[in-house]
Amino acid sequence: MKTNERRNLARRIFASAVGSVLPERLISGSVALQDNELRILDTVHRLRQDQKVHVFGSGKASVGMAKSLLALLQERVAGGVIVTSQLTGDDLSPLVVVRGSHPVPDEQSIKGAALLIEGLSALDPEDFFIYLLSGGSSALIEKPVPTITLIEMQETTRLLLHTNVPIQKINAVRKHLSMVKGGRLGQCTRASGAVLVISDVIGDDLSVIGSGPLYYDETSYQQCREILEHAAIWDKVPPGVRSVISSGVKGDIPETPKKQKDSISHYLLGTNRIALDQARRTAEEAGLKSYILTASLAGEAREVAKDLVALAINVSSHNEPFKPPVCLLSGGETTVTVRGEGKGGRNQELALAALAEIGRQDNILLLSGGTDGIDGNSSAAGAIADSGFFMEGSRQGLAIDLFLQENNSNAFFQAVGGLLETGPTGTNVMDIALLIIDKEEL
């Protein structure tokens, strides 16, 4: 396979994976309304004659989910609030749409949370709501506990994001500093409801996705302190944050809810595994044997890159554990310890570290991309690494190590032409990393 053919196929595989988890596809395949029966997956919710449904939501996929749900429910939507990361201009009336901030909450995130609390609190016990939850919600909606300021919450969030702390642990801390996370948003309503979820976390843990605003929380204040101490930032977080966590450890303030409300059900509609399955089908339709390695890819992006390329080289050289040509798929979410001032994200960093390992070996390609279309602080979804981009970097005198030191992977791939650019996709099921290993040319 020629270099451009390999690159085009990789892009096509990635695009098909993202397409399989777009909100309109997930909603239309999971939700149906017939007369007064609202079916969500295998469960039927019976509505009263002419009963309307209140619709709320938060996350990167919330607008797409809401648009599809409105088309399905039509005049049976009573109203509601959607908090999203990107305003698309779509008419979602009678819903109110506001933009929050990601990955660090701001005043708009406070506004979004206030509108959700107000709307859910106003419902009566006989009312029914649907909440559309997806990745990004943890930052998009926020109401800090009374003794913490927004500035303190922002500083704590930045410290966690820049210290290679996994998202599960970041969300454990955020839940204990917030009035809308860890099940606390669900406590403010008397109505019954259904939460439709697109997962952006490894293991699809409902208590972690969006920090589980309507679920329940299994973590504790003690664990929060241990997380911050292990990350060596306990003494760096604001004093107000330390005070809240210390009070919680002593039992002076209530814990987050530890039991799910019987009146609220959760339904998992979209996952990374769904995207990986579609990617595998697309690769095989193109005549390429394909295998899913894992949907739990995690760890420091640079180290994961080395492991993936080492596997690819072993496949190429020894036909083990797979015989080329082959496509190997992984999904999950790596982390980056930020030390430089450059632009990029975990996918571009993974691809750049992989490029250093691939070098001039011309039968191996790696693509790493975020299914939301936005990687880190850049506008790219990720990047592609192969020998062609390595040699172009060498021709331009670009030193991969220096770009990695500055966490400036975006600039490198922009210079050599290896960026994966999709624009915001309207969904989010973590990342996809794919390897294509061809037979070596003799």
Most fluctuating of 383, 298, 279 in the GNM of the chain (C-alpha, under 10 Å) is 298
Heavy-atom accessible area per residue, the chain, 1.4 Å probe: how many Å²?
-> 41
Ordered by number, the trypsin sites (Lys or Arg not before Pro) in the stretch 44-88 that occupy a DSSP loop and have at most 14 other Cβ atoms within 10 Å are 48
Residue 298 and residue 360 label points (each 7 Å along its Cα→Cβ direction) are spaced in nm at 4.0
For the stretch 362-408, what is one quarter of the convex hull surface built on the Cα atoms, given in nm²?
-> 3.9
Only helices at least 15 Å long along their axis, Cα-based, and averaging -0.5 or more on Kyte-Doolittle count here, so list those DSSP H runs from the chain.
-> 62-73, 107-121, 150-161, 239-250, 301-318, 346-358
Want the number for residue 229 to residue 265: 0.36 nm per residue separation, take away the alpha-carbon distance, what's left?
-> 9.5 nm
Taking Cα pairs closer than 8 Å and at least 6 residues apart, the relative contact order of the chain in percent is 16
Across all Cα atoms of the stretch 285-417, Rg and the largest Cα-Cα distance (Dmax), in Å, are 14.3, 42
P(r) tail fraction, the chain - alpha-carbon pairs more than 30 Å apart, % | 45
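Could you give the length gained on full extension between residue 126 and residue 440, defined as 0.36 nm per residue of separation minus the Cα-Cα distance, in nm? Provide the component values of the computation, followed by the final result.
Values: separation 314, 0.36 × 314 = 113.04 nm, distance 6.61 nm.
Separation in residues times 0.36 nm, less the Cα-Cα distance, equals 106.4 nm.
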Ignoring ligands, DNA and RNA, what percent of the accessible area of the stretch 116-221 is carbon or sulfur (1.4 Å)?
-> 53
Residue list for the stretch 320-344, given a label point 7 angstrom along the Cα-to-Cβ vector of residue 310 and an amide N cut-off under 16 Å | 320-321
Taking only the Cα positions of the stretch 316-358, the convex hull volume per residue in Å³ is 107
Heavy-atom accessible surface of the stretch 309-415: percent carbon and sulfur, 1.4 Å | 46
How would you order 301-307, 179-185, 234-240 from highest to lowest mean count of nearby Cβ atoms within 10 Å?
-> 179-185, 301-307, 234-240
For the stretch 98-167, state which GluC sites (Glu not before Pro) are in a DSSP loop and have at most 13 other beta carbons lying within 10 Å of their beta carbon.
-> 126
Packing-ranked peptide list from 284-290, 374-380, highest mean Cβ count within 10 angstrom first, is 374-380, 284-290
In the stretch 1-99 the accessible area split gives carbon plus sulfur, as whole percent at 1.4 Å, a share of 44
Which residues qualify? For residue 194, with a placed amide H closer than 5 Å and at least 5 residues away or on another chain, they are 129, 130, 131, 265
What does the highest-first list of 327-339, 94-106 look like by mean Cβ count within 10 Å?
-> 327-339, 94-106
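The values are calculated or read from the model by the stated rules, or taken from the named source; none is laboratory data. Predicted, not measured: the structure shown is a model, and the values here were computed from it. Here Cβ is always computed from backbone atoms with ideal geometry, including for glycine, and neighbour counts include all displayed protein chains. We work out accessible area using only protein heavy atoms, side chains counted, and drop any ligands, DNA or RNA first. Shrake-Rupley method; radii C 1.70, N 1.55, O 1.52, S 1.80 Å.
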